[in-house]
Structures are given as C-alpha cells and as structure tokens.
Amino acid sequence: MGDTIAPKKVIFVDRDGTLLAEPADEQIDSLEKCRFVSGAISGMKAIAGLGYELVMVTNQDGLGTPAFPEETFWPYQHLLLDTLESEGVVFDNILIDKSFPEDNAPTRKPRTGLLGAYLDGSYDLAASFVIGDRDSDVQLAANLGATALQVGPMTWAEIAERIRRTVRRATVARKTAETDIAVTVDLDGVGESTVDTGLKFFDHMLTQLVHHGGIALSLTCKGDLEVDEHHTMEDCAIALGEALREALGDKRGIGRYGFALPMDESRALVLLDFGGRSELVWDVQFTREYVGDTPTEMFRHFFKSLSDAMHANLYVQARGENNHHLAEGIFKAFARSLRQAVARNVFSYELPSSKGLL
C-alpha cells in the first residue's frame, strides 16, 4: 500500500486594495500612485514557505475600466511581483477576471468559476484561506469553504500571525484496549488548555507545558487505572509526542535545541534536540514510590515514550530532596526546553541542520 498523499492547501490573495493600495480615483496610472498596502510585503513574506500554494485572484475593475484597459496596468503588476519576489514571495498562479459587473460572469468574484482547478478535490479548502479587502472576498471564501481574512478589519501582521499559528497545530486521537486519548497541541499558544488524565499529579505536571512551554494543550485520557497507571502515562506520552511532531511540520525556522532551571532545593537539566532521532538519557533518582497518585517510576518511561514519538533526543538530569519538587523541576525544564526548541523566526525558513533534513 502506498503512502497517503495529503491534500494541498492554498492561499488566494486579492490584488487591488489588498496588496496594492487603491488611490481615490481607483486608477493606478503612474508610479507615484503605485504603493503597497501597509504591512503587505512583510505579511506576504511571513506566509510564504508555510506549505501553501499562493494564488493571486482579482477582478479587473478599478484598475481596468474601459478608459484604462487592464493591459495598461501590467507594468505596475510586474513591479508588484518583482518587489515580492525580491523578498522570496512567488505566486504559483495568477488569475485575473476581465469581465465587468454587469456581465454577471461565473468567473467573477465572489463566484468560483475562475478557480475550477482548485475544486477538483485535491485541495483542502477547509484548511485554505482567502485574503482580501472587500465583502466579495469574504463571500468568495464562504463559497469555497475556506477561511476569510479581511484587510482593514485585520492588519497584515494579524493576518500573517493567524495563518502562521494555524500551521503549527495538530490533533491526535489514540484509542486502544487500555486507553482512549485525544490530544490537540498548538505550538503558538492559541486556544484554551485542559488536561485530564485521571491522575491528578500527572495532570499538574502536564500543565507545566502550558505555563512554561508557551503552548496550548488539550489532553484527555480515559485509561484502565483500575489495572495501574502504566498504560495511561505511556499512551499519553505517545499521543502527545506524535502531536508535537506533527505540529512542527517541516521544522523550518525553529530553534531545534533547548534548558536548565532550579526548583527550590532541586535543580533540573533537560537538553532537547528535534533532530529526527530518538534517545533518552535519564539521570534522576526518586526516593518515594509515589508523588500524589502518580508512580515516580513511570516518569522515566513517560519521557522515553515521548522522545520516541517526537523523534527527539532528550537528556534529563535532576537532583533534589523533595520528590514533588524534583518531578516538577523536570517538567518545567522540559517545558522551557520545548519552548526554546519550537520557537520559530517567521521571517526565516532555513532548516536548522547542515544535512538539509530533520
């Protein structure tokens, strides 16, 4: 059986009033009138390289009236495209409808006739976007089943951040004979966080990932705690690790590495590398069998299962007298390490590896 091909995603971008500011007379007929909407260049640069196809789709009116044919605009469109390309932004397709409103053409936004190639089922339109400034762009998104992001009510910086955060989100469901788990992770901290595994101290540890890792985490588990805690903690680690790995995507622009911190009389060191290989080095000794309702022997197994599922190297070392502080220091140090490792520069899409692959 071959690999499943993931549906493609696309961002449809309007031109007039979205990328180029429209003058009062709606005629861009000189270089003096040709200027970008505030934030458009940096916004487009921030969303380029996120795995979406970029498609410019625009109606001609305003820049293509009978008195000012569309062809007259092309030198200025070339300036637009050349400027964006100099910042690494290249459109995969450019679609311009040259009909007039009175034509009632099926190709005119917000109708979808111009976008037939994107309606064949190979695109995940529910995970795609339409960026525009007019109500017709919002309606186009509704007609496609995509998400509308409107310039004006939103700045370009807000639009880029909205798309960027959507990319770094993943949901994993894992159901076995022993556990039933649902995990949603957002690496940029968007959304409410809830943790309920049936083990209160384990929940307390996992919430450190939210408070100190800067992520949003929803994790629920119904496990066979009447047997023991092993399946719950192991399977939570597997599902969480898979969600983190999926949310990282191609890992371009991330910090990759990560952190040490003190916890009262304890200290914890966690080194993390999302390099694609899994290994756990564990140097921790607990002196109690349980902290709260959670067995301390399971913490090593949790992090081993987590490192395997994340495809990451973990080095964990901790010392302390209070076992609660010892465990909490480890989870806080891991959270801080995670925060540092998944942090991404949205204006840099280099892969943090000399091999060219992570």
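The values are calculated or read from the model by the stated rules, or taken from the named source; none is laboratory data. Owing to the predicted nature of the structure, the values given are computational and were not obtained by experimental measurement. Every residue, glycine as well, gets a Cβ built from its backbone with ideal geometry; the counts of neighbours run over all protein chains shown. What goes into the accessible areas is simple: the full protein's heavy atoms, side chains included, and nothing from ligands, DNA or RNA. Shrake-Rupley method; radii C 1.70, N 1.55, O 1.52, S 1.80 Å.
For this structure, a couple of remarks:
- Per residue, the convex hull around the alpha carbon atoms of region 191-234 comes to 63 Å³.
- Alpha-carbon centroid distance for the pair region 268-326 / region 200-231, whole angstrom: 14
- Cα centroid separation - region 232-257 against region 108-172, whole Å: 27
- Inter-probe distance in nm under a simple model that places probes 7 Å from Cα toward Cβ, at Lys200 and Thr287: 2.5
- Among Lys332, Lys251, the sequence by solvent-accessible area, most first, with a 1.4 Å probe is Lys332, Lys251.
- Per-residue [θ]222 nm for the chain (sum of -39500 (n - 2.57) over DSSP H runs n ≥ 4, rounded to 500): -10500 deg cm²/dmol
- For region 190-304, carbon and sulfur atoms together expose 49% of the accessible surface, with a 1.4 angstrom probe and every protein chain in place.
- Per residue Cα convex hull volume in Å³ - calculated over region 263-352: 97
- Across the alpha-carbon set of region 200-291, the Rg to Rh ratio works out to 0.96, Rh being the Kirkwood radius.
- Structure-derived mean projected area of the Cα convex hull in nm² - corresponding label in (i) 21.5; (ii) 15.8; (iii) 17.4: (i)
- Computed from the Cβ-Cβ distance with R0 of 56 Å, the FRET efficiency linking Glu279 to Glu87 stands at 0.90.
- Those aspartates and glutamates that a straight Cα-Cα span of less than 15 Å connects to Lys222, excepting residues fewer than 8 apart in one chain: Glu178, Asp180, Asp196, Asp203, Glu234, Asp235
- Which of Val10, Met44, Ala24, positive extreme of dipole for region 5-52 (C-beta unit charges): Val10
- Principal axis dimensions, region 138-269 - Cα atoms, whole angstrom, descending: 54, 39, 25
- Approximating the spin labels as points 7 Å out from Cα along Cα→Cβ, the His301-to-Ala24 distance works out to 7.5 nm.
- In this structure, the pairs whose alpha-carbon distance is over 30 Å, taken from Lys175/Lys251; Lys45/Lys98; Lys9/Lys304; Lys9/Lys332; Lys8/Lys175; Lys9/Lys98, are Lys9/Lys304; Lys9/Lys332.
- Between Lys8 and Glu53, the simple label model (points 7 Å from Cα in the Cβ direction) yields a spacing of 0.3 nm.
- Solvent-free Debye scattering, log10 I(q)/I(0), computed from the Cα coordinates of region 196-350 at q = 0.21 Å⁻¹: -1.45
- Per-residue SASA entry for Thr107, accessible area with 1.4 Å probe, Å² rounded to 10: 50
- When the Cα positions of Leu219, Gly258, Met233 are compared along the charge dipole of region 207-293, Gly258 comes out farthest toward the positive end, with charges on each C-beta of Lys, Arg, Asp and Glu.
- When all alpha carbon pairs of region 80-165 are counted in 5 Å bins from zero, the resulting P(r) reads 3, 12, 18, 24, 22, 15, 5, 1 %.
- Global form of region 116-206, assessed from the alpha-carbon gyration tensor, a/c cut-off 1.5: oblate
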